[in-house]
Structure formats: structure tokens, C-alpha cells
Amino acid sequence: MNLEELIIDKVNQLFTKKRNTIYRLIVVHQIYSKQINFYFEFFKIGHSIKSIPIRMVNELDLMDDLDEMLKAVYKATNITIINR
């Protein structure tokens, strides 16, 4: 199972459609450790954010294919993706 399929499966597993709840996938580039972290965040409006780490990968393994992978994840899950 490649990284794209793993993230799609995990997002689909964590996504439970609830009223007044916002879901998003956060992609964080850690410059000094040269890693990319994926987090699934969700929160009810007016409540605190809950963040679940999905995966941590080496930046060099993914940098060239990151944009295409995020487009495929968005197309499969239709969830907001924030790339930081």
C-alpha cells in the first residue's frame, strides 16, 4: 500500500459526518528535521480542535510527488487540505 492509499483509507476511516463539524487534512513541512507530517483535524463549531497524526514521511521521499498526491487525496475524499 503506497502513501496515497494509506492516507485516503485513514481519512475515510476517521471521517464521520456530524452536524456542525469541520474536517480537514493538514500537511506540515518541518524544515529542520526534513520531514512531512500529515494530520487529520476536526472540530465542532465553537469547540476545540482535535488533531490526529496520520503519517510522518521523509521529505526527500515525497517532495517531487507531493502536489499530485494531494490532488489525488482531495479527489478521492473531497476534504479540505491545508498545506503549510
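Every number here is computed from the coordinates shown, using simple stated rules; none is lab data. These numbers were taken from a predicted model, which means no experiment stands behind them. Every residue, glycine as well, gets a Cβ built from its backbone with ideal geometry; the counts of neighbours run over all protein chains shown.
Electrostatic tally near residue 72: other residues with Cβ closer than 12 Å to its Cβ, Lys and Arg +1, Asp and Glu -1, net -3.
For the chain, the longest principal axis of the Cα atoms and the long axis of helix 66-77 meet at an angle of about 30 degrees. Taking the fewest neighbouring Cβ atoms within 10 Å as the starting point, the ordered list for 11, 28 is 28, 11. For the Cα atoms of the chain, what angle does the longest principal axis make with the long axis of helix 3-14, in degrees from 0 to 90, nearest 10? The angle comes out at about 10 degrees. The residues 74, 32, when put in order of fewest to most other Cβ atoms within 10 Å, stand as 32, 74.
Relative to the Cα centre, the charge distribution of the chain, modelled as +1 at Lys and Arg Cβ and -1 at Asp and Glu Cβ, gives a dipole magnitude of about 740 debye. For volume of the Cα convex hull per residue in Å³, one of (i) 122; (ii) 92; (iii) 177 was computed from the structure I shared and the rest are decoys. Which label? Label of the calculated value: (ii).
Need the list of lysines near residue 75 for cross-linking: C-alpha distance under 23 angstrom, and skip anything on the same chain fewer than eight residues off. Within the straight-line cut-off, residue 75 pairs with 10, 17, 18.
A protection proxy built from the mean count of other Cβ atoms within 10 Å ranks the segments 47-57, 12-22, most packed first, as 47-57, 12-22.
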